[in-house]
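Contents: one structure, followed by commentary.
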Amino acid sequence: MEGVDLKLFLLVGAVLFVCGVICMTSKRNGIGVLIGVELVLNAANLNFVAFSRYTPLGLDGQIIALFVIVLAAAEAAVALAIALNFYNNHLTIDVDRADELRG
Amino acid sequence: MNGGQVLFGIFALLTCGGAVAVALTQNVVRMAFWLIVSLGSASGLFFLLHADFVGATQLLIYVGGTVVLLIFGVMLTTSGPFLRISSSPGELMQSAVVGVLFIAMFFFTVWSVDWQAVADTTRAHDAAAATVALQNDTTGRSIGMAFLGPRPDRDLGADASRGLSTGYFLPFEIISIHLLVVLIGAAYLARAKRQQTAVEIGGDAE
């Protein structure tokens, strides 16, 4: 693919990362926070694969991206189980209500 | 302007637009939908980078698995008033300012680095660096070999200090066991509570 620079892929990754961080910090819905985490992990994946194409990183980048995808699936499963338990106990998914451990 | 650039433009626009829409919308069901758009277009970017196996895995596991899991979470926890939990306007303004500053920093950083020089320096210092021949090929078979141990893209004998194989057999095994353990744990965590309360209620009734 001629004419598309590494920089452009890194910029797309930056936009994904920033949107994910904003999502994680500003959403009050617990599932929304999870979706933000997925966006951040996907931004890291995009950077890894772009570097594996344009630099001597080689296959390492793609394999690390695969590991990240699998770990993201595991993370989503555990976080969803925690969210369901929280919903069963508190009858809400609002993360601002999870303040029982506040000092 | 060739086909690759046009495809990159479309996929990059969809990826960024989906991500921005996820961050902006307050409705959790729409967030899940825009997440599907964003992740699917990101897999298109992977295909453009000749990472066909990673792109297919992204479609299968992320879009087909993780997002379905999230949508199940939405369906199980979203009843009436919880469909949209809005943040206050002050919080939204704060996060918008922080986001704009953040992204300005990233743009400045990415533009100010000469990435071609970085790649050349790495290639000069690492004798076993990946060869260029990989770049014009699809990588499905090479990834399979790298998971088993041998590395088709590197000359591992060129650097004597590197030692044994740098394949990914052991990490692959560890991560598969890790995934199995985590999924069993998550299933247990998600259903243990209700069973317990059912037993308690049954005990009270007697």
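Listed values, structure above:
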| read-out | value |
| --- | --- |
| Under the Karplus curve 6.51 cos²θ - 1.76 cosθ + 1.60, θ = phi - 60°, whole-Hz ³J(HN,Hα) for region B:25-32, x wherever Gly or Pro sits | 6, 9, 7, 6, 5, 5, 4, 5 |
| Integer Hz, Karplus 6.51/-1.76/1.60 couplings in order for region A:14-31, x for Gly and Pro | 5, 4, 4, 4, 5, 4, x, 5, 4, 4, 4, 8, 9, 6, 9, 7, x, 5 |
| Two-site FRET efficiency, B:Leu76 against B:Asp52, from Cβ-Cβ distance with R₀ of 41 Å, rounded to 0.05 | 0.70 |
| Order of B:Trp111, B:Trp34 - criterion: other Cβ atoms within 10 Å of each residue's Cβ, fewest first | B:Trp111, B:Trp34 |
| Average beta-carbon neighbours from other chains, 10 Å sphere, peptide A:94-102 | 1 |
| Ranked B:Thr25, B:Thr57, criterion: other C-beta atoms within 10 Å, fewest first | B:Thr25, B:Thr57 |
| Mean-position separation - Cα centroids, region B:1-39 and region A:23-43, in angstrom | 15 Å |
| Length gained when the stretch B:Val29-B:Asp114 is fully extended (0.36 nm per residue, less Cα-Cα span) | 26.5 nm |
| Segment B:Ile61-B:Ile10, extension gain: residue separation times 0.36 nm, minus the distance between their alpha carbons | 16.1 nm |
| Neighbour-count ranking [beta-carbon atoms within 10 angstrom, fewest first] of B:Ile103, B:Ile143 | B:Ile103, B:Ile143 |
| Simple label model, 7 Å out from Cα along Cβ direction - A:Thr25 to B:His125, nm | 3.2 nm |
| MRE, 222 nm, helices only [DSSP H, n ≥ 4, -39500 (n - 2.57), over chain A, to nearest 500] | -27000 deg cm²/dmol |
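Values quoted throughout were computed directly from the atomic coordinates according to the rules given, and no laboratory measurement underlies them. Just so you know, these numbers come straight off a predicted model, no measurement behind them. Here Cβ is always computed from backbone atoms with ideal geometry, including for glycine, and neighbour counts include all displayed protein chains.
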